[in-house]
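Novice: Shown below is the structure under consideration.
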Amino acid sequence: MSIRLPQRELHRLFIEDIDDYAKGIENDNRKPMKMYLQFPFNREVKLYIWNCTAPPGGRSEDEYKVQLIIDGQKRGERAHFDESDGSTVLIIGYATPFDDPEDGLWVLFELDKHREFAYSANIQIYLRQLLKGFENDVYVHKKHNKETVVICRRKFLVQGLQKRFDIDYQIMMEKADHGTA
């Protein structure tokens, strides 16, 4: 199983883990939370943070998921992440495979694979991949759909974010080289 934390707790954990790198935090305990990440990031970010859980029924026991629903989205509606102001959007799950809310993993999903989505769409990750996050400071996993996911323990969030930004930059450069950006 895994536990579900209230949005305010997910935001508190993220702010605690990013520590002195964040300033100008706009947090009303809704999605997205906004902040400016200082050096070495130097960017405005919008953080869409969800619980990453393994609810009973329907799915295999080892499958964890983030359920994409943004504030104001209604059943049957499609939504997208707002990038109109030039800020960097991050899709983040917080997983607690051992049911300890303080000993969880940040799961940083690839925005390019999820820019537009249906109400309650799922993004999956498996327990075996999450556990690699406990074995490594930062674990990078390439899913079968070619999505690159970055997984890290709480104390390695800064390194995990740097890896996510590096990967996203490489994706952007590859698209530019192929004329698809």
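Novice: Just one of (1) farther than 24 Å from Leu130 by Cα; (2) in contact with a helix residue (DSSP H, G or I) (Cβ under 6 Å, 6 or more places away or on another chain); (3) in a strand (DSSP E or B); (4) not acidic (Asp, Glu) trips up Asn29, so point out which.
Specialist: If we test Asn29 against (1) farther than 24 Å from Leu130 by Cα; (2) in contact with a helix residue (DSSP H, G or I) (Cβ under 6 Å, 6 or more places away or on another chain); (3) in a strand (DSSP E or B); (4) not acidic (Asp, Glu), just (3) comes out false.
Novice: When region 97-108 is examined, which residues are found to be closer than 23 Å to Ile171 by Cβ and out of contact with any Ser or Thr (no Cβ under 9 Å at 6 or more places or on another chain)?
Specialist: Residues satisfying the conditions are Trp106, Val107, Leu108.
Novice: Starting from residues that are among the hydroxyl-bearing types (Ser, Thr, Tyr) and in a strand (DSSP E or B), keep the ones in region 32-69 and report whichever is nearest to Leu108 (Cα to Cα).
Specialist: Going through the qualifying residues, I end up with Tyr48.
Novice: Okay, next question. Is it fair to say Val138 is touching a Cys at 6+ places or on another chain (Cβ under 6 Å) and at pLDDT 95 or above?
Specialist: Details: touching a Cys at 6+ places or on another chain (Cβ under 6 Å): yes; at pLDDT 95 or above: yes.
In short, yes.
Novice: Check whether at least one residue in region 91-99 is surrounded by 14 or more Cβ atoms within 10 Å (Cβ to Cβ), within 17 Å of Leu127 (Cβ to Cβ) and of a type in the set (D, E, K, R), and report yes or no.
Specialist: Scanning region 91-99, I find no residue that is surrounded by 14 or more Cβ atoms within 10 Å (Cβ to Cβ), within 17 Å of Leu127 (Cβ to Cβ) and of a type in the set (D, E, K, R), so the answer is no.
Novice: Search region 158-179 for residues that are within 14 Å of Val140 (Cα to Cα) and pair each with any residue that is surrounded by 18 or more Cβ atoms within 10 Å (Cβ to Cβ) and among the aromatic types (Phe, Trp, Tyr) when their beta-carbon atoms are under 6 Å apart and the residues are at least 6 apart or on different chains.
Specialist: Hits for this filter: Gly160/Trp106.
Novice: Shifting gears a bit: What about Asp137, is it without any contact (Cβ under 8 Å) to a residue 24 or more places away in the chain, charged (D, E, K, R) and farther than 24 Å from Leu37 by Cα?
Specialist: Here the answer is no, as Asp137 does not meet what is asked.
Novice: Something else now. Name every residue in region 70-106 that is among the β-branched types (Val, Ile, Thr), assigned to a loop (DSSP other than H, G, I, E, B) and at pLDDT 95 or above, in order of residue number. Walk me through it before giving the result.
Specialist: Of the residues in region 70-106, the ones among the β-branched types (Val, Ile, Thr) are 70, 88-89, 91-92, 96.
Filter once more, keeping what is assigned to a loop (DSSP other than H, G, I, E, B): 70, 96.
Within region 70-106, just Thr96 meets the criteria.
Novice: Could I ask something else about it? Name every residue in region 73-132 that is in contact (Cβ under 8 Å) with a residue 60 or more places away in the chain, over 20 Å from Arg30 (Cα atoms) and aromatic (Phe, Trp, Tyr), in order of residue number.
Specialist: Passing the criteria: only Tyr126.
Novice: Scanning for something farther than 24 Å from Tyr21 by Cβ and modelled with pLDDT of 95 or more, does region 170-178 turn up at least one residue?
Specialist: Looking through region 170-178, none of the residues is farther than 24 Å from Tyr21 by Cβ and modelled with pLDDT of 95 or more.
The values are calculated or read from the model by the stated rules, or taken from the named source; none is laboratory data. In this text, all values refer to a predicted model and were calculated from it rather than measured experimentally. Positions of Cβ are backbone-derived with ideal geometry, glycine not excepted, and every protein chain shown enters the neighbour counts.
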